[in-house]
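Accompanying notes for the structure given below.
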Amino acid sequence: MLIVLSAGMAIAVYWARGALDFKESPPRVSPGAAGHLSVLLGLFFIQRAMSYWLGRFDLLLHTDGVVFGLRYVDRILWQPGLWLLVFLALAAAATCMYNAREIGLRIPVAAFVIVFGAPRSS
Amino acid sequence: MRPRNLLIAIAASAIVALLVLSFLDQLLVDYLWYGRLGFGGVFNTTVGAEIAIFLVVWLVAFSAIFVSGLIAIGSSRNHERLRVVRRPDEMVEVTLPELIRALGERVPWRVIVAGGAAVLALFAAQGEAASWDTYLKGLLRRAIWESSSRRSATTSAFTSSRSRCSRRCAIFS
């Protein structure tokens, strides 16, 4: 939540000062804004990786109607799936941090789609 | 003071007073309830924890959001001042950022960012203060473990009023 609020404040300031322009397609982003938002997105992905990692332990305690604890599908599917999401989120964080130098929009957008598009398609 | 300003001040004071009273009456009822049961310490600990968590989280959140805003101000400094010229013969759409840019550096950016950060930090602090029981469970885990192993008959009698005590007694029983 803290990272989202910080990003919200940064986006509002960049937009108000003309460093972000949503009228154009794709939106025009100044190099400074792209670098700053890339770092914030990288921190967000690190937080997501920690959340997925902790989610593995949550599988042991959750209940699904009849069954309490780790189910067969959790052991076979969700535990490896959460590990995969941990690695994807960490890779996305690394690419976002790298993008702070490269300064562009493609890499963060691709990282976002890979991390959050993968669980939906599964 | 002008009559209009006086009216606004009275209305604002009334709204603030109502908000504070609606918060305080629940606090007073809880204070009396726990005091009568002999669990005044429980009330003091939980309210103290809520206030401490709120203050710490607010401070951390305010610092993070304010620093982020300052970085944004510093990173978007090199913008030329925009001059908005209105021509009567054509309709030109002027956006809010363009109007703000027309004011140049006269806008008190740091003050605006500080105010926005203070308000946004309230949301984060309120959310975390609501999870005071999680923090207390973490801090007092040893005491909770020891007390849970030697629960007395007093506790089981007390659990009849647990619906009133909710999470507070669940931790300290």
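Would you check if B:Leu7 is of a type outside the set (S, T, N, Q), under 18 Å from A:Met9 (Cβ atoms) and part of a helix (DSSP H, G or I)?
Considered against the rule, which asks whether it is of a type outside the set (S, T, N, Q), under 18 Å from A:Met9 (Cβ atoms) and part of a helix (DSSP H, G or I), B:Leu7 comes out as no.
Can you find even one residue in the stretch B:115-132 that is under 20 Å from B:Trp58 (Cα atoms), part of a helix (DSSP H, G or I) and away from chain A (no Cβ under 14 Å)?
Yes.
Of the residues B:Phe23, B:Phe66, which single one is among the hydrophobic types (A, V, I, L, M, F, W, C) and at pLDDT 85 or above? Please lay out each step first, then the result.
On the way: B:Phe23 fails: at pLDDT 85 or above.
Residue meeting the stated conditions: B:Phe66.
Among the residues of the stretch A:55-83, how many are in contact (Cβ under 8 Å) with a residue 24 or more places away in the chain and exposed (fewer than 14 other Cβ atoms within 10 Å of the Cβ)?
1
For A:Val4, only one of the following conditions fails: (1) at pLDDT below 85; (2) at the interface with chain B (Cβ under 10 Å from one of its Cβ atoms). What is its number?
(1)
Scan the stretch B:42-74 for residues that are within 17 Å of B:Trp132 (Cα to Cα), more than 16 Å from the chain's Cα centre (by Cα) and either touching a residue at least 60 places away in the same chain (Cβ under 8 Å) or facing chain A (nearest Cβ under 10 Å) (or both) and jot them down.
Listed by number, the residues that qualify are B:Val42, B:Phe43, B:Thr45, B:Thr46.
Within the stretch A:12-55, how many residues are at the interface with chain B (Cβ under 10 Å from one of its Cβ atoms) and more than 17 Å from the chain's Cα centre (by Cα)?
16
The values are calculated or read from the model by the stated rules, or taken from the named source; none is laboratory data. Just so you know, these numbers come straight off a predicted model, no measurement behind them. Methodologically, a virtual Cβ is constructed for each residue, glycine included, from the backbone with ideal geometry; neighbour enumeration extends over all protein chains shown.
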